[in-house]
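Comments concern the structure below.
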Amino acid sequence: MAKKKIEPHPMENILRMDRIPHIWCPACGIGTAVTSFASALEKLKVNLDEVCVVSGIGCTGRVAGYTKVDSFHTTHGRAIAYATGVKLGNPKMKVIVFSGDGDIIAIGGNHFMHAARRNIDITVICVNNFIYAMTGGQVAPTTPLTAYATTSPFGNIEPPYNIPRLAEACGAVYVARWTALHVRRLTNSIVEAIQKPGFSVVEVISPCAQYYSRINRLGDGLDMMRFYHDNAVIKHNEPTENLDIDYQKQIIMGKFIDREKPTYIERYNEWLSESKPKKK
Amino acid sequence: MKANSKGVLTGTHNLSGNEAIIEGAFAAGCRFLGVYPISPSLEATDRFLQRSGEVDATFVQMEDEISALAAVLGASWTGKKSMSVTSGSGLSNMMEHIGLGIMLQTPCVIVNVQRTGPSLGIPNGVAQGDTMQARWGSHGDYETIVLTPNSPQECFDLTIKAFNFSERFRVPVLLLTDAYIAQKKTLVKIPPTKDLKLISRKLFKGAKNKYLPYKNDKNLVPPMVNVGDGYRFHVTGLTHDERGYPVMTSECQEACVRPLMEKITKYQDEIIEYEEVETDDADVVVISYGATSTVVSKAISLAKKDGIKVGSFRLITIWPFPEKRVRKLAQKIDAFVIPEINFGQIAFEIERCAAGNCNVFFVPILGGGLPTPEDICKSIIKASKEKKKIEKLIEL
Amino acid sequence: MKETRAKYWRKSLNLSEFKIPKGKIHILKDRCKGCGFCVEYCPNNVLELSEKFNAKGYHPPKIVNENDCVNCGLCEMVCPDFAIWCTLDKEVCLES
């Protein structure tokens, strides 16, 4: 029997197909977020040699390993700090930090805050699945109140972070939120975020079928997607204080912040040229 | 004060240890500094900023030492020679990324101006309590290179050496100074650019699709590429194969981690540097490094008045430890005397190498000041009175 | 339904200028983890979960109405496993 010729996947040049199938569970939203990211790169028509993906640890931390660009899988929470070094070392790179909510907002919260304040020209794609999934479903800083997790067996008692509000308060120049279902809008947002000079944040609400939805009896990944379909509403420019996510309540999506600010590199170069010894 | 086009400030200058380190770094080609401010390392940052306009260097003050070293590693992958300057508890924070730097094989230099501990200690107090942390601080097995200068001039010279080692072996190299060396000012001679011996990392030159990030060359060091050069590589802190992809097997762990150590142990004779004075016919040898070595010569001259044959052995490289030489010395002398500004760290390593062949006397000081020559002299006299253990055994 | 409605509609003069793309669907069965996203969100209901198992023990999608595929690419976008995509096969005129 002649072997049937398999047509190459259209994202063969952006993804490391030799590493796929990936480690993510069935019905996980991270793969969808990666597809959106890959199509955003395709849409941008950037030179892929000038793109760098930095990830931390966790399920989403593995994204760096699947993207066929210069990619770093670094320590837990430090992806933004590492990306800061890459961007400052080679300012022509488009540096994208692709990591999870626990990585970016919990252990790396400080780096997130300060990179936003410093306005380093990087793009953060934060996949928010409301839980620490790789370690087995512990409560995360984004877990909604009353939701169950292995470390909140009686319901979460800690109010969660509202990522767009945090990003806005810290000074991010571009903030958007979409779910893993709204792939086309998500793609457009990633395109805009990468083009935007400064610290841009795209939050992707993603189903975690194996931990978050199983522990909370929310069905499988498809049920989570159906929930997003029915309960996610688009409200562009919504004040970020209204963007809290309550347990199984409405999720507001859209582009919330888009403003101009000089980046760290612009300011630094200005200072550097002033401090240069004057030629006599 | 005017540097040449390469940023080298050739001439003789009155510099503190911290300033000499930055001059050494600029001379070595360092163009990135990521720091978090901590006493007593601050003059180094000031010096870097004063001169960065001249040499087009990039500086970032991060939010903590963890991110400072992370940024240094990131910048190093873009092809810039990078460094960080810290102190005591800052080094404790950096341990996470020293481990990452070792696993990703990222060249960089970390200057640790030691201060007392545990925890905050005396911020500007002289100490040498980080020698074991510098070797074993991050988890897992690794070999590292640690240098200890004892004067501003040596701060300059060893910083260049530290960059050369880090680039050659692709490893984070630590430079351990202390508040005393870092802040005392002496004349430092900076040679002309052509007299500087600089090493830069070996870059991969082959086809773009043929690059394997962790395929070792014959020296067990894989050639590197820079971010943005189009090799589109992947590297990870997980145990990885030649392609840089994670593989979770014990065989891969062996293949991945063993060369990390062997690349340094194999060439340790080229790395190790020490200074010996009158050890040939000595009965007692004083082993010292960094700040303590500055008082040893006075102590030795005091002891010589009592007719004791004393030699001095100064460590310049403390890791890898000059084990061969110390073992050899131990066989022909009566005792080692080790003044250290800690409760015995390198002393334990010397005791291990002495292996019972001679006595080992500590002169510990817990930090905040230098040991007095009299204290060291007292120990030398005590050491000379005790016979060599092995001789005792034969007499019995 | 469609036919009855079309009977009373006026035919556009430039109808022949409009073309409907026809997609060709490619499925890498053994890469699929059977999440069902593509089946649920295909706007033209081209796909259905197959009864058969793939090598990993999941039910991959199968094509049931290939003619209805308009190469919108949504299956490719929502697939978390990079297992399905479609390419443009041909464009057909509305008139035919």
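Each value in this text was obtained by applying a stated rule to the coordinates, not by laboratory testing. If you're wondering where the values come from, they're calculated on a predicted model, not measured in any experiment. Neighbour counts run over all protein chains shown; Cβ positions are idealised from the backbone, glycine included.
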Taking B:MET94, A:MET134 and counting other beta carbon atoms within 10 angstrom, the fewest-first order is A:MET134, B:MET94
Ranked list, fewest to most other Cβ atoms within 10 Å of each Cβ, for B:ARG170, B:ARG327, B:ARG243, B:ARG314: B:ARG327, B:ARG243, B:ARG314, B:ARG170
Which whole-angstrom value gives the distance between the alpha carbon centres of the stretch A:240-269 and the stretch B:8-44? 39
By count of other Cβ within 10 Å, fewest leading, how are A:LYS249, B:LYS208, B:LYS161 ordered? A:LYS249, B:LYS208, B:LYS161
For every helix of n ≥ 4 consecutive DSSP H residues, a contribution of -39,500 (n - 2.57) applies; sum these over chain C, divide by its total residues, and give [θ] at 222 nm rounded to the nearest 500 deg cm²/dmol. -4000 deg cm²/dmol
Distance in nm between pseudo-label sites at C:ASN44 and A:ASN47 (7 Å out along the Cβ direction from Cα): 4.0
Paramagnetic reach from C:ASN65 (point 7 Å along Cα→Cβ, amide N under 19 Å) across the stretch C:12-32: C:20-26
Using the Cα centre of the protein assembly as shown as origin and beta-carbon charges of +1 (Lys, Arg) and -1 (Asp, Glu), tell me which of B:ILE376, A:ASN237, C:SER16 is placed farthest towards the positive end of the dipole. C:SER16
Placing unit charges on C-beta atoms (Lys and Arg positive, Asp and Glu negative, everything else neutral), compute the dipole magnitude of the stretch B:11-195 about its Cα centre in debye, rounded to 20. 380
Using only atoms on other chains, find how many Cβ atoms lie within 10 Å of each Cβ of peptide C:66-75 and report the average. 1
Longest to shortest principal axis, alpha-carbon extents of the protein assembly as shown, angstrom: 122, 73, 56
List the Cys residues of chain C that have no partner Cys with a C-beta closer than 4.7 Å. C:CYS32, C:CYS35, C:CYS42, C:CYS69, C:CYS72, C:CYS79, C:CYS86, C:CYS93
A student asked for the Cα radius of gyration and Dmax of chain A in angstrom ought to give 19.1, 81
When the scattering of chain B is computed by the Debye formula from its Cα atoms alone, each counted once and equally, what is log10 I(q)/I(0) at q = 0.09, 0.11, 0.13 Å⁻¹? -0.55, -0.80, -1.07
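Under a Cβ-only charge scheme (Lys and Arg +1, Asp and Glu -1), can you give me the dipole magnitude of the stretch A:24-268 about the Cα centre, in debye to the nearest 20? Intermediate values should be presented prior to the final figure.
On the way: 24 positive and 21 negative charges, 72 e Å.
For this selection, approximately 340 debye.
Take the Cα pairs of the stretch B:113-184, get the Kirkwood Rh, then feed it into Stokes-Einstein at 10 °C and 1.306 mPa s and tell me D in µm²/s.
Working: Rh = 13.0 Å.
This corresponds to a translational diffusion coefficient of 122 µm²/s.
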Out of all DSSP beta bridges with both ends in the protein assembly as shown, state the antiparallel percent to the nearest 5. 35
Within the stretch B:274-361, what percent of beta bridges assigned by DSSP are antiparallel, to the nearest 5? 25
For the peptides B:270-276, B:130-136, A:106-112, what is the packing order when you average, over each peptide's residues, the other Cβ atoms within 10 Å and list the highest mean first? A:106-112, B:130-136, B:270-276
10 Å Cβ neighbours from other chains, averaged over peptide B:219-229: 3
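Per residue, how big is the convex hull of the stretch B:273-395 when only Cα atoms are used? Give it in Å³.
Details: hull volume 11.5 nm³, N = 123.
Measuring per residue, one finds 94 Å³ for the Cα hull of the stretch B:273-395.
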Over the stretch B:248-301, one equal point on each Cα, no solvent: what is log10 I(q)/I(0) by the Debye formula at q = 0.20, 0.21, 0.30 Å⁻¹? -0.81, -0.85, -1.14
Quantify how strongly other chains surround peptide B:274-282 by giving the mean number of their Cβ atoms within 10 Å of each of its Cβ atoms. 0
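Evaluate the relative contact order of chain B (contact order divided by residue number), counting alpha-carbon pairs under 8 angstrom at least 6 apart; express in whole percent. Could the numbers behind the result be given before it?
Values: 884 pairs, mean separation 62.0, N = 396.
Averaging sequence separation for qualifying contacts and normalising by length gives 16 percent for chain B.
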In the stretch B:164-311, with Lys and Arg counted as +1 and Asp and Glu as -1 at Cβ, which of these residues, B:VAL247, B:THR279, B:MET261, has the Cα nearest the positive end of the dipole, that is, farthest along it? B:VAL247
On the formula 1/(1 + (r/R0)^6), with r taken between the Cβ atoms of B:ASP375 and B:LYS189 and R0 of 25 Å, the FRET efficiency rounded to 0.05 is 0.15
Counting only DSSP beta bridges with both residues in chain B, tell me the antiparallel percent, nearest 5. 25
Give the distance, in whole Å, between the Cα centre of the stretch B:338-365 and the Cα centre of the stretch A:114-141. 47
Please compute the Cα-Cα pair-distance distribution of the stretch A:126-280 with 5 Å bins starting at 0, giving whole percents from short to long. 2, 9, 16, 19, 16, 13, 9, 5, 4, 3, 2, 1, 1, 1, 0
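Kindly identify the stretch C:26-90 as rounded, prolate or oblate by the Cα gyration tensor criterion: order the square roots of the eigenvalues as a ≥ b ≥ c, call it rounded if a/c is under 1.5, otherwise compare a/b with b/c, prolate if a/b is larger, else oblate.
On the way: a/c = 1.80, a/b = 1.58, b/c = 1.14.
Cα axes put the stretch C:26-90 in the prolate bin.
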Between B:LEU212 and A:GLU260, how high is the FRET efficiency from 1/(1 + (r/R0)^6) when r is the Cβ-Cβ distance and R₀ = 45 Å? Nearest 0.05. 0.60
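If each residue of separation counts as 0.36 nm, what is the full-extension length gain between B:ASP281 and B:LEU49 once their alpha-carbon separation is subtracted? Write out the running numbers ahead of the final one.
Numbers: separation 232, 0.36 × 232 = 83.52 nm, distance 4.94 nm.
Between B:ASP281 and B:LEU49, full extension yields 78.6 nm more.
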Just going by the charge dipole of chain B, with Lys and Arg at +1 and Asp and Glu at -1 on Cβ, which of B:VAL113, B:THR236, B:LEU42 is farthest out on the positive end? B:THR236
Please give the Cα centre distance for the stretch B:294-316 versus the stretch A:179-208, rounded to the nearest Å. 68
What's the extension gain from B:ASP269 to B:LYS197 if we count 0.36 nm per residue and subtract their Cα-Cα distance? 24.1 nm
To the nearest 0.05, what FRET efficiency results for A:THR150 and B:SER92 with a Förster distance of 30 Å applied to their C-beta separation? 0.50
Cβ-placed point charges (K, R +1; D, E -1), dipole of chain C about Cα centre in debye, nearest 20: 180
